[in-house]
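Derivation of every value follows stated rules applied to the coordinates shown; laboratory data play no part. Every value quoted in this text rests on a predicted model; they were computed, and no experiment measured them. Note: ideal-geometry Cβ built from the backbone for every residue, glycine included; neighbour counts use all protein chains shown.
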Amino acid sequence: MNLKIIDAHLHFSNRPGFRETAKNISQVEFSAKGLKQEFAQAGIVAGIIMSIPSGDLPIGYPEEFTHEDGTVECLYSCVGVNPVRLKENPGEELSYIESELKKSKVLGIKLYPGYFPYYVYDSLYEPVYELARRYGVPVAIHCGDTQSPKGLLKYSHPLTIDELAVKHEDITFVICHLGIPWVIDGAEVVAKNANVFADLSGLLAGNKEHILKMRNNILYKQYIQQALVLTNRYDKFLYGSDWPLVPMVDYVAFVKELIPEGHYDEVFYKNALKVYSKLQDNL
C-alpha cells in the first residue's frame, strides 16, 4: 500500500532567500512545476506553507501560494506573525491575522522567535493566542537554530514552549524542527505537555548527496532517534520537510529511517490531520 504523506512544514514564498537556498543548497527547482513534481514523486497529498512574517505591509495568501508559473492546488498555510508590527500597530496586525484565519486554506498561526527578539510567553502575543483559541487553530513555533547569524537563539530554545503550554493548556502548539539542535529538550516538552506536538522538518538542509551522506551518519541519526525514543509518543510527531531546503523524496527516506515502520501512518499523515484539523474538511 502506498503511504499518503502530508508535508506539515514547507515554504513557497517568492522572496529571494528561498530561491537562493533552492539554487545553492538543495538544488531543487523552486517553482510550482518543481513542487508538483516533488509532491508526485514523494507521495505528498497536501502541504502546509509556513508563511513568513510580512514586512511593511501584510502579504498573506496571494504571495505565499503563487509563483510565476502558477500554484499547486493542495497547498494550505499557517499565517505568519510580525511581532514588531504587532507592537507598533496591534490593530492592523491582528486584523490581518484574523482575516487570514477566516480563509478555509489557512490552518493555523506561525511564530518566529529567534528571528524576532521576543519570547513566546511575552504578553505581546496574548491577543494572537486569543485568536488561536477563538478559531480553534494550532500555533506553530520556530524552535532551534536560525538561518540568519543575526538570530538570537535564547528566544528560540524549545524549553520556552513549556511555560507557554502550561499557561495556555487549551491551545495546541507545534515545536517546529523538534528544536534542532536541542532535540532532547524539544522531545521532553512534547512528552510533558498534552497540548504540544513537534514537526520533523529542517533536521537537514542540502542536496541529494548531502542527505545520503547524513543517512549514513549513524551518530547523527541516533541523536535524533534518542529524542523520539525518549517520548515514545509517535502520535505527537508530524512529518515536514522545510522545502526548499531539501529534495522531498530524499528527505522522506531520511525520516523513514528515524521512525519505526509501524508508526509511519501516524507520523506521515494522521497526526497532521489531528493537529491541523481544518485540513480534515479538505482531504
Residue satisfying condition, being among the small types (Gly, Ala, Ser), under 26 Å from Phe254 (Cα atoms) and in contact with a strand residue (DSSP E or B) (Cβ under 8 Å, 6 or more places away or on another chain), within set Ala191, Ala198, Ala132:
Ala198
Being within 17 Å of the chain's Cα centre (by Cα), buried (at least 21 other Cβ atoms within 10 Å of the Cβ) and not in a loop (DSSP other than H, G, I, E, B) is the filter here; which residues of the stretch 66-84 pass it?
Tyr76, Ser77, Cys78, Val79, Gly80
Being more than 20 Å from Ile224 (Cα to Cα) and small (Gly, Ala, Ser) is the filter here; which residues of the stretch 154-196 pass it?
Ala165, Ala194
Considering only residues that are of a type in the set (Asp, Glu) and crowded, with 17+ Cβ neighbours inside 10 Å, look in the stretch 85-121 and name the one that is nearest to the chain's Cα centre (by Cα).
Glu100
I want to confirm something. Restricting to the stretch 122-143 and keeping residues that are closer than 19 Å to Ile49 by Cβ and either touching a His at 6+ places or on another chain (Cβ under 7 Å) or of a type in the set (A, V, I, L, M) (or both), which single residue is surrounded by the fewest Cβ atoms within 10 Å (Cβ to Cβ)?
Leu131
